[in-house]
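K.L.:
I am attaching a structure below and will ask some questions about it afterwards.
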Amino acid sequence: LFKTIYPEVNAALEDEEVEVNEWAVSWLRFLLCRELQVDNSLRLWDSYFAADAENPEDGLLLHPYVCLAILEHLQGTIIELSERSEMLATLHHLPLMDMDQIITQAQSIRDEVLARNLL
């Protein structure tokens, strides 16, 4: 899905031989708690756990789309970086972000993915 939605980011990472499993596994397995600053982690997790039982797609099921929204937010930075180590550092230590904006973008990405039947 990442390669389909953000081919430029994927190409930049591939050019520097940054494998997806070097960063994405941690993003998905640890729900970004290793990469995000504490304030951002708390806001994100609050959003996940506050999701209504009638609206579970806005809970933990939204997480892969949050990851995609973060990549969208960082795509200019990642594409401009010319060193493998800089790219990995950026992906492993994410900057402070407006998580409300990221969550809203994640919901939009999810809706677009479902509308286009990309899964």
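The values are calculated or read from the model by the stated rules, or taken from the named source; none is laboratory data. Treat the numbers as computed from the prediction; the structure is a model and nothing was measured. Cβ coordinates were reconstructed from backbone atoms using ideal geometry, including for glycine residues, and neighbour counts include every protein chain displayed. All accessible areas refer to the heavy atoms of the entire protein, side chains included, with ligands and DNA or RNA removed. Shrake-Rupley method; radii C 1.70, N 1.55, O 1.52, S 1.80 Å.
K.L.:
Examine segment 6-25 for a residue that is open to solvent by 70 Å² or more (accessible area, probe 1.4 Å), aliphatic (A, V, I, L, M) and under 14 Å from the mean Cα position of the chain (by Cα), and state whether such a residue exists.
P.N.:
Checked against the condition, which is being open to solvent by 70 Å² or more (accessible area, probe 1.4 Å), aliphatic (A, V, I, L, M) and under 14 Å from the mean Cα position of the chain (by Cα), segment 6-25 yields no hits at all.
K.L.:
Is it true that some residue in segment 33-52 is modelled with pLDDT of 95 or more, open to solvent by less than 80 Å² (accessible area, probe 1.4 Å), on the phi < 0 side of the Ramachandran plot and among the β-branched types (Val, Ile, Thr)?
P.N.:
No, segment 33-52 has no match at all.
K.L.:
Which members of segment 35-65 meet the condition of being over 17 Å from the mean Cα position of the chain (by Cα), among the aliphatic types (A, V, I, L, M) and outside any helix (DSSP H, G or I)? Steps first, answer last, please.
P.N.:
Going residue by residue through segment 35-65, those that are over 17 Å from the mean Cα position of the chain (by Cα) are 49-56.
Filter again for among the aliphatic types (A, V, I, L, M), leaving 50-51, 53.
Across segment 35-65, the qualifying residues are Ala51, Ala53.
K.L.:
Still on this structure, I have one more. Looking at segment 1-29 only, could you name the residues that are aromatic (Phe, Trp, Tyr) and modelled with pLDDT under 95?
P.N.:
The first filter runs over segment 1-29 and keeps only residues aromatic (Phe, Trp, Tyr), leaving 2, 6, 23, 27.
Hits for segment 1-29 are Phe2, Tyr6.
K.L.:
May I pose another question? List pairs: first residue in segment 60-85 and over 10 Å from Ile102 (Cβ atoms), second residue charged (D, E, K, R) and surrounded by 19 or more Cβ atoms within 10 Å (Cβ to Cβ) anywhere in the structure, Cβ distance under 7 angstrom, at least six positions apart or on different chains.
P.N.:
That search, which allows pairs on different chains as well, returns Leu62/Arg110.
K.L.:
OK, next. Within the group Leu32, Leu88, Leu94, which residue is farther than 25 Å from Leu118 by Cα and part of a loop (DSSP other than H, G, I, E, B)? Spell out how you get there, then give the answer.
P.N.:
On the way: Leu32 fails: farther than 25 Å from Leu118 by Cα; Leu88 fails: part of a loop (DSSP other than H, G, I, E, B).
So the residue among Leu32, Leu88, Leu94 that is farther than 25 Å from Leu118 by Cα and part of a loop (DSSP other than H, G, I, E, B) is Leu94.
K.L.:
Say we look at segment 77-119 and pick out the residues that are at pLDDT below 95 and among the small types (Gly, Ala, Ser); which of these is surrounded by the fewest Cβ atoms within 10 Å (Cβ to Cβ)?
P.N.:
If we take residues in segment 77-119 being at pLDDT below 95 and among the small types (Gly, Ala, Ser), then Ala115 is surrounded by the fewest Cβ atoms within 10 Å (Cβ to Cβ).
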